[in-house]
1. Could you list, in sequence order, the residues of the stretch 168-208 that are buried (at least 17 other Cβ atoms within 10 Å of the Cβ), farther than 15 Å from residue 129 by Cβ and within 10 Å of the ligand (Cβ to nearest atom)?
2. Given the criteria under 27 Å from residue 115 (Cβ atoms), at pLDDT 95 or above, basic (Lys, Arg) and part of a loop (DSSP other than H, G, I, E, B), does residue 248 qualify?
3. For residues that are assigned to a helix (DSSP H, G or I) and within 13 Å of the ligand (Cβ to nearest atom), scanning just the stretch 125-146, find the one that is farthest from the chain's Cα centre (by Cα).
4. Looking at residue 149, is it modelled with pLDDT of 95 or more, basic (Lys, Arg) and more than 18 Å from the chain's Cα centre (by Cα)?
5. Can you pull out the residues in the stretch 25-72 that are more than 13 Å from the ligand (Cβ to nearest atom), acidic (Asp, Glu), surrounded by 16 or more Cβ atoms within 10 Å (Cβ to Cβ) and within 15 Å of residue 93 (Cβ to Cβ)?
6. Name, by its number, the condition in (1) of a type outside the set (A, V, I, L, M); (2) assigned by TED's automatic domain parsing to the domain that holds residue 12; (3) within 15 Å of the ligand (Cβ to nearest atom) that does not hold for residue 122.
7. Does any residue in the stretch 84-103 that is aromatic (Phe, Trp, Tyr) come within less than 9 Å, Cβ to Cβ, of a residue that is assigned to a helix (DSSP H, G or I) six or more places away or on a different chain, and which pairs are these?
8. Within the stretch 82-91, can one find any residue that is assigned by TED's automatic domain parsing to the domain that holds residue 195, under 30 Å from residue 222 (Cβ atoms) and in contact with a Leu (Cβ under 7 Å, 6 or more places away or on another chain)?
Amino acid sequence: MNRKILSENLNLSSYTTIKVGGVAEYFAEPKSVEEFSYLIKWSTLNNQRCQIIGAGSNLLINNISIKGLVICTKKMKSLTIEPYSGIVEAEAGVMLPTLSNSLAKNGLQGGEWAIGIPGTLGGAIYMNAGTGNLSLAKNLISVKVINKKTLEKLEIQKKDINFKYRFSSFQSNDLTIISAKLYFEPNGNLEKLIKKTKNNLKLKKETQPYHLPSFGSVFKNPENNYAAKLIDDMGLKGFKIGGAEISKMHSNFIINNSSASSKDIYELITLIQQKVLQKKGIYLQPEVRMIGFDYPN
Ligand SMILES: Cc1cc2nc3c(=O)[nH]c(=O)nc-3n(C[C@H](O)[C@H](O)[C@H](O)COP(=O)(O)OP(=O)(O)OC[C@H]3O[C@@H](n4cnc5c(N)ncnc54)[C@H](O)[C@@H]3O)c2cc1C
């Protein structure tokens, strides 16, 4: 292993937006596809568990030693936009707000909603992140991946990927997302697109505790219901365990009041689930992904 790109015993709390995390036995932030592939190969050949993180905006990492290699994609941020054809090629670490702003500035339509999601392209495809009925799946052409087990590199077409509400088939296979090709409709009105994009961010900030450490919506909305409403109905708005608090602004957000431990947050998640199950008979499924917990992701 090239020692320059590998850290040992790195605290991951600054790599998650909720600002808690454990200590990665090995950690790397590749700057290129070559480095990324090399790291995955290293972990496979050395029988080390390999976990990929993007911007850590949908992650709860337990405050324990995380065995194996954690790879953060945030430095893989090459982005190519063809304003006339509408074709976009982006590496896994490109941030959605960067993508959204760049699309608007190039007159490409359809990415204005993505401004308010502080995650990477890879994380957004994996999570099928979105708002309302909108997600990147609509604009996707293909995804380049590497198979963590066989180390084979493939380009998968959109038709071969299963996308559902906050689900993609990448959650149940061994494929790691390297980059993606997308299409957005060209020749949009620049001024209107930039205005709409800015306005979407403003709306987000008005309805969510955007400026505080969180991981976005904690739970998926159950069918024909809203997780935030169910949590509100339990009278849990503002409820705290240690430094973890159910946001007063949006009940499906847990915020870290600067001193929360991963245990506080996990206990708050469990408490919400128990209360909603007991009183409403509904099991709230976490949207947030967990590392280092015995939770079936
Ligand atoms: C303030 C705030 C607002 C949010 N608003 C929204 C919203 O409106 N809609 C929404 O859907 N989400 C929202 N989120 C949640 C989050 O931003 C999204 O789920 C985002 O897509 C996660 O991307 P990430 O890069 O942070 O992924 P991470 O949190 O780092 O990882 C999430 C999962 O993706 C996997 N993963 C990441 N990159 C790759 C890769 N390259 N290959 C394979 N697997 C990978 C990880 O292993 C992990 O299981 C919000 C979060 C915050 C903090």
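The values are calculated or read from the model by the stated rules, or taken from the named source; none is laboratory data. On a predicted model such as this, the values are computed, not experimentally measured, just so you know. FYI the Cβ positions are ideal-geometry reconstructions off the backbone, even for glycines, and counts take in every protein chain you see.
1. Residues satisfying the conditions are 175, 176, 178, 179.
2. On the way: under 27 Å from residue 115 (Cβ atoms): yes; at pLDDT 95 or above: yes; basic (Lys, Arg): yes; part of a loop (DSSP other than H, G, I, E, B): yes.
Taking the combined requirement at face value, the residue satisfies it.
3. In the first step, residues of the stretch 125-146 are kept if they are assigned to a helix (DSSP H, G or I); the result is 125-127, 136-138.
Add one more test, that the residue is within 13 Å of the ligand (Cβ to nearest atom), and what stays is 125-127, 136-137.
On the way: 125: 8, 126: 8, 127: 6, 136: 13, 137: 14 Å.
In this case the residue turns out to be 137.
4. Details: modelled with pLDDT of 95 or more: no; basic (Lys, Arg): yes; more than 18 Å from the chain's Cα centre (by Cα): yes.
No.
5. Listed by number, the list holds a single entry, 35.
6. Result: residue 122 fails condition (2) only.
7. Correct list of pairs: empty, since none qualify.
8. Looking for residues that are assigned by TED's automatic domain parsing to the domain that holds residue 195, under 30 Å from residue 222 (Cβ atoms) and in contact with a Leu (Cβ under 7 Å, 6 or more places away or on another chain), one finds none in the stretch 82-91, hence no.
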